Every structure is written in structure tokens, then in C-alpha cells.
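Nothing in this text is a laboratory measurement; each read-out follows from the coordinates by a stated rule. Just so it is clear, the model here is predicted, and its values are computed rather than measured. Here the Cβ positions follow ideal geometry from the backbone for every residue, glycine too, while neighbour counts run over all protein chains shown.
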Amino acid sequence: MMDREWRAILNRYGQQVLVRPGAGQEEVPLRAFLQPVLDRSRGQEVPSPLGLRREDRMLYLGPGDQPLTAGESRVTWGKRDYDVQSAHRVGDSHWWALLRPRDKEEL
Amino acid sequence: MSTGLENIRERMAGYLTERGVRAVTAWPQGQRQVLEAPVAVVSLRACEAGPAGFQNYLGERYNETTGLWEELYGRKVRLTFGLDLYAPARGDGAELQAAFDTLAAALAGDGPRGLEVLEFSCGETEHDSQARLLKRTVQAVCQAWLYSTPQSGGLFLDFELRGGWKT
């Protein structure tokens, strides 16, 4: 019952994203909630020896039947790719994850 | 006027790249790129320039172009380069070790043109949690001579960087 309600909420209010569970695996289109994590203590971008590093994070709440793996999975929302920094399954109903913007691809 | 030290990091990075070490200069302006292989990040950690010889007089040199002997004046410079190695945070650190071996071999030779490698040291591999990468601190101390010949009227304009001095 709970799972059905959660899916209905996702389908109605969630953002359309693509989830790639792991390297070399196919992208799965689904609906999930993505929200920026508010952090007043640091900047969104900080200079580093290797270039500007994005420090902002996104909170992901998605369906329970699409697992995410920290350090392997990737989420695409709009034109932006995000790496999964940490991921946990909460009960049977949904996946909670913390995303960080993926670095620019090498030329 | 040239101080002889312009683009010194780029010269070191270019030297390492020619010898098989992937190297970039530190603190680029653009957004950080995905790191798929180890890279040496070249920075200038310290620069000490001091007097060389009496009143910075280094001696004389025959100029084949002008057919004249000319006096050389200059300073001795000690440059400490940061050559920190970064690698993706995966595996057992073997990639980083292999990159360090290549870097050490590159610096065991003559060194970049105009620079003499005096010292070379490294730390142990650690995980840089902010960068989310494996990191090994590496640095090389180089010695060079900045020298110039006086123009007419005793004016010094451009300095050159040289690693050794022969009498």
C-alpha cells in the first residue's frame, strides 16, 4: 500500500532523471525527487590544485526497486551528471542518496 | 624585462610530459576534470634567489655573435617544485606507485633545461578526502642561475635561466 502511494507521488511530482546503476550498464529512466542540500558554511565552487571543484550536493529520493551504489552509480538530471556519494535503501519503499556534481569529462 | 622565471611551472610540466609523466600546472581556472589516470600537479612551493659571486659578478663569456667578450652578472636561485601526484581513489594505489616510479626516473636525469635537480622527496600515499582522490606529496628542489649581460650604459634588461656554470 505504502509503496503504491510512494510511486504515485513520484510519478506525479518527481523529476525525470536517468540512472546508470554502474559502469557500462544501461541508463534507466525514472522519476525521483532531487533537491539541493543547503550548506551555508562553504562555497558552491572552490579552487583546488586540479581546478574548480563543485562542493554542492543534491539529495535524491527514488523508487525502491532501482538500487544505487556509492561511487559507481550516476544520475543525470537535465544536462547535468551527478555521481552518487552515498546511498541507502530505506525500508522497501525508496532509495535515499547524496549526489555530487560530476567533474567535467576529459577532452 | 624578463626575470628568467616566467612560465617556470609550464617548463617543468612540459619536461615531465616529454618523459611519460602526465603533468599539469596547479590551480587552473577551469572546472576540474574527471581524473581517469594519475597526474603530477606542478606548483612552485618556494623560490629563493640570492647573491652569486662578488657583486653578482659571474665572469666573462665570449659572444660569438658580436665577437666580443661580455661580462655576466646574475643570481643563484633555489626553486622548490611541488610535484604532487593524484590518482583516482580506487584499487590498491599501484597506479600511483607506478606514476611515482616514472616521475622519479624523469628527475634522475639532467632535469629540465636550465634547472639542476638537487633534491627529490616524497611522502606516503594518502586519501585526500576533499579532493576525493589518492594523493602522494612529491617535491623537487632545483638550482639555477639567473644571469644577464649589461647593455650599453650598464642597464640589465633580460635574465636567462641556467642550471650550471662553467669557467
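Can you give the average number of partner chain beta-carbon atoms within 10 Å of each beta-carbon in peptide B:33-42, as a whole number?
Counting other chains' Cβ atoms within 10 Å and averaging over B:33-42 gives 3.
Give me the dipole magnitude in Debye, nearest 20, for segment A:60-105 about the Cα centre, with unit charges on the beta carbon: positive for Lys and Arg, negative for Asp and Glu. Let's see the in-between values first.
Details: 7 positive and 7 negative charges, 44 e Å.
Computed charge dipole of segment A:60-105: roughly 200 debye.
Going by a ≥ b ≥ c, the root eigenvalues of the Cα gyration tensor, does segment B:44-89 fall in the rounded group (a/c under 1.5), the prolate group (a/b larger than b/c) or the oblate group? Can you show the working numbers first?
Numbers: a/c = 7.92, a/b = 2.30, b/c = 3.45.
Because a/c hits 1.5 or more and a/b fails to exceed b/c, segment B:44-89 counts as oblate.
Pairwise over distinct Cα atoms, reciprocal of the mean inverse distance: report the Kirkwood radius of chain B in Å, one decimal place. Each step should come with its number before you reach the end.
Numbers: mean 1/r = 0.0567 Å⁻¹.
Here the Kirkwood hydrodynamic radius works out to 17.6 Å.
What list do you get for B:147, B:57, A:13 if you sort them by fewest beta carbons within 10 Å?
A:13, B:57, B:147
Compare the peptides A:68-74, A:26-32 by average per-residue count of other Cβ atoms within 10 angstrom and give them in order, highest first. Each step should come with its number before you reach the end.
Details: A:68-74: 16.7, A:26-32: 14.0.
Highest to lowest by the protection proxy: A:68-74, A:26-32.
Calculate the mean, over all residues of peptide A:47-57, of how many other protein chain Cβ atoms lie within 10 angstrom of the residue's Cβ. Don't jump to the answer; show the numbers that get you there.
On the way: counts 5, 10, 16, 14, 10, 6, 5, 2, 1, 0, 0.
Mean inter-chain Cβ contacts per residue within 10 Å come to 6.
Tell me, Kirkwood radius of the protein assembly as shown from alpha-carbon pair distances, in Å?
22.5 Å
Run the simple label-point estimate for residue A:3 and residue A:93 please: 7 Å along Cα→C-beta, distance reported in nm.
It works out to 1.3 nm between the two label points.
Add +1 for every Lys or Arg and -1 for every Asp or Glu among the other residues with Cβ under 15 Å from the Cβ of residue B:69, and state the total.
My count for the surroundings of residue B:69 gives -3.
Using only Cα positions of chain A, each an equal point scatterer, no hydration layer, compute I(q)/I(0) via Debye at q = 0.24 Å⁻¹ and quote the log10 values to two decimals.
Each listed q maps to, in turn, -1.37.
Counting Lys +1, Arg +1, Asp -1, Glu -1, what net charge surrounds residue B:134 among other residues with beta carbon under 12 Å of its beta carbon?
-2
Based on a Kirkwood Rh over C-alpha pairs, give the Stokes-Einstein translational diffusion coefficient of segment B:57-154 at 25 °C and viscosity 0.890 mPa s in µm²/s. Mind showing how you got there, number by number?
Values: Rh = 16.5 Å.
For these conditions, the coefficient is 149 µm²/s.
With point charges of +1 on the Cβ of Lys and Arg and -1 on the Cβ of Asp and Glu, referenced to the Cα centre of chain B, which listed residue (B:140, B:89, B:66) lies farthest in the positive direction of the dipole?
Value: B:89.
What whole number of Å gives the distance from the Cα centroid of segment A:56-107 to the Cα centroid of segment B:25-103?
After rounding, the separation between the Cα centres reads 40 Å.
With a sphere of radius 11 Å drawn around the Cβ of residue B:100, what net charge do the other residues whose Cβ falls strictly inside it have (Lys, Arg +1; Asp, Glu -1)? Spell out each step's value before the answer.
Values: positive: B:136; negative: B:84, B:95, B:101, B:124.
Summing Lys and Arg as +1 and Asp and Glu as -1 gives -3.
Once you average over the residues of B:132-142, how many Cβ atoms of partner chains fall within 10 Å of each Cβ?
Taking the mean over all residues of the peptide, I get 1.
Take B:47, B:122, B:142 and order them by how many other Cβ atoms sit within 10 Å, fewest up front.
Taking fewest neighbouring Cβ atoms as first place, the list is B:47, B:122, B:142.
For segment B:11-86, treating each Cα as an identical point scatterer without solvent, what Debye log10 I(q)/I(0) comes out at q = 0.17, 0.21, 0.24 1/Å?
Ignoring solvent entirely, the Cα scatterers give -0.78, -0.92, -1.05.
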